[in-house]
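Working notes, beginning with the structure itself.
Just so you know, all these numbers are worked out from the coordinates, no wet-lab data involved. If you're wondering where the values come from, they're calculated on a predicted model, not measured in any experiment. Methodologically, a virtual Cβ is constructed for each residue, glycine included, from the backbone with ideal geometry; neighbour enumeration extends over all protein chains shown.
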């Protein structure tokens, strides 16, 4: 018996390098019923930046577009850390986006697709950041048949960013169908431009910033944290004014004590100051 999955789509994985990105990948699904229907992942990797770009055109009326950019920066000690994680998407009208995760769903009469990006913790070695980012694209290709691939993006404090690429894997329902993708093809070289141009092109959509650090490796506070900082700053300003008045009074005899001022302010820290 042949592989029944082959009647739905063919799978090709292209590998090459460019002057900007030493690691370039193109994973292409193409419908065997209609060669103009395809789904493409473009993955570009160097030590400072990883780009994951997805274009799903299996359904012409409900196109999937998603771009993920993950960067790295070095802190004041020279250690490399995750810098910025930004995701842009078009097609999901009701996305689920939280502090360090994003989930997008794309549904139509022909099937559906899911994209998620999340941060995960796993201790590997002392040079690797405990937190890494995982990107997954799941595509429904038939009756309870789903294709999934995963990209894990990690940061080594000495060498920078790297990726782990796994898939595509076929699931029937909730169970993985091992060995069912024997027809996929790995190609050394760049794919035809018409297969990747949709994934690489810009689009109008919604942008979400899941992580953003400044040049010192500090994460800017959330809106809630900013409000707390502002309240604390106002309280400190009031205390400082009162303390200055107390200092003036205490200085009448030629001695400035300032104990009240120092005791209150010595442990106060402000965001953005050294």
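Above 16 angstrom, tally the Cα pairs of the range 118-211 and express them as a % of all pairs, no decimals.
Percentage above 16 Å: 72.
Fewest to most neighbouring Cβ within 10 Å: what's the order for 135, 36, 150?
On the way: 135 25, 36 9, 150 16.
Listing 135, 36, 150 from fewest to most nearby Cβ atoms yields 36, 150, 135.
Please arrange 79, 125, 34 by how many other C-beta atoms lie within 10 Å of their C-beta, fewest to most. Walk me through the numbers on the way to the answer.
Working: 79 15, 125 6, 34 10.
In increasing order of surrounding Cβ atoms, one gets 125, 34, 79.
In Å and from the alpha-carbon atoms only, list the Rg and Dmax of the range 4-212.
Every Cα atom of the range 4-212 included, Rg and Dmax give 17.1, 56 Å.
So for 196, 131, 96, fewest C-beta neighbours within 10 Å to most, what's the order? Write down the numbers at each step before the final one.
Working: 196 22, 131 15, 96 11.
If I rank by nearby Cβ atoms, fewest first, I get 96, 131, 196.
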